[in-house]
Amino acid sequence: MHSKSAFLIVCATILLAVCVQQGLSIKCWECRSDEDPKCGDPFDNSTLSITDCAQSLPLEHLPGVRATMCRKIRQKAQGKWRYFRSCAYMGEPGIEGDERFCLMRTGTYNIFLEYCTCNSKDGCNTAALPRLGGATASALFLVPLLAWRFG
């Protein structure tokens, strides 16, 4: 194979790996901070295994609906913070330029709830991480190509 062709194939493969999202399956962290303190923030997944949401059982009250997103719930009640991470069956996947979609609610007696859903990548229900945007992905592809072409 010609070296120019091999180089273009490698660059195209890298671009696809960076830009293409998984279509039907996502893997999410599943834990509760009241059962495992590592589930809180900061999140420590060193002893957890990630769950393939495609393997999650459908819910009885939502027949035919599959888990296609991840969720993270942060709740403060009676002065204690609790965190829940799991696959999500319903919710908003996030808006262009933002990795997660979050709803926040407060109530009387110092109650706070933040409910976030995402489908940007496997394990997106950890703490917020910077997202690799389209311009960055394009640069990953174009810089080596231009360096090879004009170098």
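The values are calculated or read from the model by the stated rules, or taken from the named source; none is laboratory data. As the structure is a prediction and not an experimental result, all values here were calculated from the model. Neighbour counts run over all protein chains shown; Cβ positions are idealised from the backbone, glycine included. What goes into the accessible areas is simple: the full protein's heavy atoms, side chains included, and nothing from ligands, DNA or RNA. Shrake-Rupley method; radii C 1.70, N 1.55, O 1.52, S 1.80 Å.
Against the numbered list (1) at pLDDT 90 or above; (2) open to solvent by less than 70 Å² (accessible area, probe 1.4 Å); (3) more than 19 Å from Gln75 (Cα to Cα), Cys31 comes up short only at (3). Looking only at residues of the stretch 68-94 that are under 13 Å from the mean Cα position of the chain (by Cα) and more than 15 Å from Lys121 (Cβ to Cβ), we find that the one that is surrounded by the most Cβ atoms within 10 Å (Cβ to Cβ) is Ser86. If you filter the stretch 94-149 down to residues that are assigned to a loop (DSSP other than H, G, I, E, B), modelled with pLDDT under 50 and out of contact with any helix residue (DSSP H, G or I) (no Cβ under 7 Å at 6 or more places or on another chain), you find that the one that is farthest from Trp81 (Cα to Cα) is Gly133.
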